[in-house]
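Heads up: the structure comes next, in structure tokens.
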Amino acid sequence: MKLHSIILFVVFTFVFPFLACVTPQRAQVDHFFYQGLLSESNEEKIEYFENALASDNEFIRRAAADQLAMMMAGNVELSDKTIERMKREAYGWWATALNVTSREHALSFFLSIESNSDSFNMARLYALRECEKKGIEFSPGEKAAIEAHHAVFQTRYADALAAFKGFQANNAWPAEMPPIFLEYPNLINDLGRTLLFAPANREGVTLLNRWESNLSDQEDDIRFRIVFYAARNARRASLNAQAITLFEKALTLAPDYEQQDACIWYILDAVMTGSSSDFIERLRRHVPNWHNGNSYYALMERFLVKLVTGSEWRNVINTFDVLKDSNSSSKGGFAWLIARFIEERMLNAEDRRLAARAIGAETATAQAYYQIAYNAGENLLMPSLYYRMKSGVALGLPLLVLPEEDTVPDAESAPSNALAFLLGFFENNAAGFATPFIRAMERSLSPDELRAVSQALSNAGMHPLSMRLITLYLYREGFVKERRDLELMYPRPFREIIEENAERFDITPYMLYGLIRTESAFQTAVVSHAGAGGLAQLMPATARAQAIRIRDAGGPNFFGPDDEIDRSDPYANVYIGSYYLNYQRGSFGDMVLAIMAYNGGHFRVRRWRAASTLPIDLLVETVPIYETRDYGRRVPAIGQIYKELYYND
């Protein structure tokens, strides 16, 4: 008993106080990294990052080493001791760049890594300088390959082509592929992509076909890359027949399912320029070999539009018949169309028999096809999400089917080091620095970790990246979607402003949320390539014209002292955007047409409406501009999600 009492005395007197001191000290060490990011002084940065190298969290140590390495590459002087500590903790490309020892080692670094991040670009420049210092020299061909590979990942294709021409002799490409392409096959991809943007793009077809014919026995991977990019170059040169033949050949060589799907996609894309019946026949041949059916969304959506625009109702049924047993939710759009054709009595007797036979029924009913379209959209991906919504309305079913309660996270479990590192950006007021680190780590995070980071981003108002992280797990096969996931995917920022203006202009708040989320993903200062700005993405002329109407009608004056409108102001932007949407609805007498006019322009939509006798929902399927067509589906579908999440009461 006496020994037991002594042990307890020692533990409570010395060990517990020691542990209590260690934990805050550890936390302080972890804070140093984020303080270093926030500091504007190089001396302070170095001190903070040096201290962070002592963290127990390996992700913090690596990140601190990365920052110190970039400072050193930028000619900031570090002590020998700091450099040694930094090298011990360096990870990834910096671990390689800081320890280049031979020409082969350097070539592997320069030609194997595919990145255009600031960190890699700094590591690359540092490694080039180190090679020069150490007398590591490269042949002209190796220099050309190094420069070309880097230029491709910066999308500087003219520079890449100039670099690749270092392999030419007397302005002629070699008859056989240079050995370095065999050693580093990524160079084949680089050259193939570069030649797509060459002025004479038939040059790529000729060159790659010649190299492929002169190959000795090589692995299928090498031959696949050459044939695949020869096919893409033929497609770019409008050599459709040759492109199809080459893609069919590449399909037999494809090393994985992803590349097989890519070949099939290009084959179908090329065939679509011909007759619909030829496309359907080719589709029938290839659908059984689809692996990721959803990768064909855009392709099948274009074909659907072609059929509806051409009034090819029977081929809509024939296409559904091909797709019905596939893993592609594209079949939902075709099923919904057939349901609408049945309701509108647009099918003749033979078409109705085909529609019945396609689903193994005596009679084709709209209800049966609506159910198929509804089920096909359960993944909540566009455009099948839209067809699920429309079918759900017809069937009296909700768009969302969620568990009654979310799973309860384990409050006792500590976050992993990876999660603690990422959440540290938000806990230390360094959220503005978080994006590249999140992007680098996101693929290795679990759904729970992605959800936690997404929540932190949402709380910080960084909604686009928050929503993007949710997509990394929300659509995984077998994942059970919960309300909290969808609330992160479809958040409600600026609630007071949006709901106030929705009420003012008699617009449902969920529809206004659908529009603003689609337009800007809740970024107040974002400006599109066309010049639209703010939450509701107002063009300068549109904002000005509507602001004048609002002012002249006795509403607020949104013009500043310089007679300009601040489109980044949330209140002004949402007010003007809501007013404009309401104006379009008043002009057309229909919200769907108003939504499309908001995106595609008033007079354009008026021409489409005047030229068509189709019901409005079928008219949407014929809109020739993809962005406006997608907008006419996306905004109502997202609006319905907001309704069911927040406004059903």
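Leaving ligands, DNA and RNA out of it, rank Met70, Met86 by accessible area with a 1.4 Å probe, largest first.
Largest accessible area first, the list is Met70, Met86.
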Between Ala175 and Asp448, 0.36 nm times their residue separation minus their Cα-Cα distance comes to what?
92.9 nm
Does the chain come out rounded, prolate or oblate, given a ≥ b ≥ c as the square roots of the eigenvalues of its C-alpha gyration tensor, rounded meaning a/c under 1.5 and, failing that, prolate meaning a/b above b/c?
oblate
What is the distance, in nm, between label points placed 7 Å from the Cα along the Cα-to-Cβ direction at Ala298 and at Asn459?
3.6 nm
Cα centroid separation, region 161-228 to region 340-376 (Å):
51 Å
With every protein chain present, what accessible area does Glu50 have (1.4 Å probe, heavy atoms only), rounded to the nearest 10 Å²?
50 Å²
Within region 448-545, report the chymotrypsin sites (Phe, Trp or Tyr not before Pro) that DSSP leaves as loop and that have at most 12 other Cβ atoms within 10 Å.
Phe479
Sort out for me the Cα centre separation of region 595-647 from region 400-434, rounded to whole Å.
37 Å
Which whole-number percent is the relative contact order of the chain (Cα, under 8 Å, 6+ apart)?
7 percent
Counting Lys and Arg as +1 and Asp and Glu as -1, what is the net charge of the other residues whose Cβ lies under 12 Å from the Cβ of Glu627?
+2
Value of [θ]222 nm, deg cm²/dmol, for the chain, DSSP H segments ≥ 4, -39500 (n - 2.57) each, nearest 500
-20000 deg cm²/dmol
Once both labels are modelled 7 Å past Cα along the beta-carbon direction, what's the Glu132-Ala414 spacing in nm?
4.7 nm
Ignoring ligands, DNA and RNA, how do Phe120, Phe603 rank by accessible area with a 1.4 Å probe, largest first?
Phe603, Phe120
Where labels lie 7 Å past Cα in the beta-carbon direction, separation of Asp221 and Arg439 in nm:
2.7 nm
Relative contact order computed over region 488-629 (Cα-Cα under 8 Å; 6+ residues apart), in percent:
17 percent
With θ taken as phi - 60° and the coefficients 6.51, -1.76 and 1.60, list the Karplus ³J(HN,Hα) couplings across region 303-317 in order, rounded to whole Hz; mark glycine and proline as x.
5, 4, 4, 4, 5, 5, 4, x, 6, 8, 4, 5, 6, 4, 5
Pairs of Cα atoms under 8 Å, at least six residues apart: use those to get the relative contact order of region 576-638, whole percent.
29 percent
Cα-Cα over 30 Å, subset of Lys390/Lys481; Lys249/Lys331; Lys45/Lys143; Lys87/Lys143; Lys87/Lys133
Lys45/Lys143
Please list, by residue number, everything in region 48-66 whose backbone N is under 17 Å from a paramagnetic label point 7 Å out along Cα→Cβ of Lys87.
65-66
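Where a ≥ b ≥ c are the square roots of the eigenvalues of the C-alpha gyration tensor, would you call region 206-339 rounded, which needs a/c under 1.5, or, failing that, prolate if a/b is larger than b/c, or oblate?
Prolate, since a/c reaches 1.5 and a/b exceeds b/c.
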Starting from 0.36 nm per residue, how many nanometres of slack lie between Asn429 and Asp552 once their C-alpha separation is accounted for?
39.9 nm
Surface share of carbon and sulfur [accessible, 1.4 angstrom probe, percent] for region 536-649:
50 percent
Top to bottom by accessible area (1.4 Å), largest first, where do Arg223, Arg156, Arg504 land?
Arg504, Arg156, Arg223
Find the accessible area per residue for the chain; the probe is 1.4 Å, ligands and nucleic acids are left out, and the unit is Å².
47 Å²
Please compute the net charge surrounding Leu207, taking Lys and Arg as +1 and Asp and Glu as -1 over other residues with Cβ under 14 Å from its Cβ.
+3
Roughly how many whole Å is it from the C-alpha centroid of region 67-82 to that of region 473-514?
46 Å
Given a Förster radius of 25 Å and the C-beta distance between Ser326 and Asp590 as r, what FRET efficiency does 1/(1 + (r/R0)^6) yield to the nearest 0.05?
0.15
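The values are calculated or read from the model by the stated rules, or taken from the named source; none is laboratory data. The shown structure was predicted, so the numbers you read here are calculated from the model rather than taken from an experiment. Please note: Cβ atoms are built from the backbone with ideal geometry, for glycine as well, and neighbour counts cover all protein chains shown. Ligands, DNA and RNA are excluded from the accessible area calculation, which covers all protein heavy atoms including side chains. Shrake-Rupley method; radii C 1.70, N 1.55, O 1.52, S 1.80 Å.
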